[in-house]
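The block underneath contains the structure these notes are about, expressed in structure tokens.
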Amino acid sequence: MTAPFLSIIIPAHNEEERLPDTLRQVLEFTEKQAFVTEVVVVENGSTDQTFQIAQGFASQHQQIYVLQNDQRGKGRAVRQGMLTAQGDYRFMCDVDFSMPVNEISRFLPPNQTSYDIAIASREAPGAVRHGEPNYRHLVGRIYNGLIRSLALPGLQDTQCGFKCFRGVVAEELFRRQTLTGWSFDVEILFIARQLGYKIIELPIHWYYNPHSKINVARDSFKMGLDLLTIRINSLRGIYTHPNARL
């Protein structure tokens, strides 16, 4: 198989209901492209049929690869997928695909060329949120305010689950990652800033999913602790000198 131009990384924990439709959407997108794409599904710690379903798709479509990790954690799954992928560009996405799949093209050349990391934004000018309750938007903005204050000034939406990395950049950043939960992408963007990589935000149409697995109270508290961990790691030099944590 020719080396892929694009790798699509999909972390999947207990996603037996949503994964089939997601993979069908992704395959429909890839079939329309002139470039080679690989789809890397990383099943981690599921107790349902997620792994078996992903394997079923992989047996019928050679561009789909399935990795299995018995430990939970979205950050852990994405890291494994990013470091296993071979694409010149590596795009991470959530199973719920709250962003229309065709918008992936907007993150890639020739539509975007001058960047190291392109992140989907629900807050950048031109972005549209569809169906999101006001309280969820408010909680998200409060948390983003903390992120901008403590870690990533200037970025308006770091938590949208769609991000694209140049392959060589992904390999350097994810090797330095320490967080394995929901806050891993804040850490990755923080490391990228420290290493001088260029990050851009692209406005998207985003559709609220009422079946989100995020628990606002529990996960917001955990994310707050993770922000403190990122600051401590930075002071210790872990991100710029990874051997400091060994």
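Each reported figure results from applying straightforward, stated rules to the coordinates on display, with no laboratory input. As the structure is a computational prediction, the values presented were derived from the model and not from experiment. Reconstructed Cβ throughout: ideal geometry from the backbone, glycine too, with neighbour counts over all protein chains shown.
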- Item | Packing-based order for 100-107, 78-85, using average beta carbon neighbours within 10 Å, highest first | 78-85, 100-107
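When the chain is fully extended, how far beyond the present Cα-Cα distance does ILE232 get from THR2, taking 0.36 nm per residue of separation?
Values: separation 230, 0.36 × 230 = 82.80 nm, distance 4.25 nm.
Gain in length upon complete extension: 78.6 nm.
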- Which of VAL168, PHE35, GLN194 sits farthest toward the positive end of the charge dipole of the chain, with +1 on the Cβ of Lys and Arg and -1 on the Cβ of Asp and Glu? GLN194
- For the chain, return all DSSP H helices satisfying: extent of Cα atoms along own axis at least 20 Å; mean Kyte-Doolittle hydropathy at least -0.5. 134-150, 216-235
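Tell me what the chain gives for mean residue ellipticity at 222 nm when only DSSP H runs of n ≥ 4 count, each as -39,500 (n - 2.57), the sum divided by the residue total, rounded to 500 deg cm²/dmol.
On the way: 7 runs with 92 residues, N = 246.
Calculated mean residue ellipticity at 222 nm is -12000 deg cm²/dmol.
Within the chain, how many lysine pairs that are 8 or more places apart, or on different chains, have C-alpha atoms less than 22 Å apart? All intermediate terms of the calculation are to be shown ahead of the outcome.
Values: LYS32/LYS163; LYS74/LYS163; LYS74/LYS213; LYS74/LYS222; LYS163/LYS198; LYS163/LYS213; LYS163/LYS222; LYS213/LYS222.
Lysine pairs satisfying the spacing and distance rule in the chain number 8.
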- Query: What FRET efficiency would be calculated for the residue pair ARG129, HIS241, taking the C-beta separation as r and a Förster radius of 45 Å, to the nearest 0.05?
  - Reply: 0.70
- Message: Which order do the peptides 162-172, 26-36 come out in when sorted by mean C-beta neighbours inside 10 angstrom, highest first?
- Response: 162-172, 26-36
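How do the peptides 90-96, 56-62, 153-159 rank, highest first, by the average count of neighbouring beta carbon atoms within 10 Å per residue?
On the way: 90-96: 22.9, 56-62: 13.3, 153-159: 16.6.
Per-residue Cβ counts within 10 Å, averaged per peptide and sorted highest first, yield 90-96, 153-159, 56-62.
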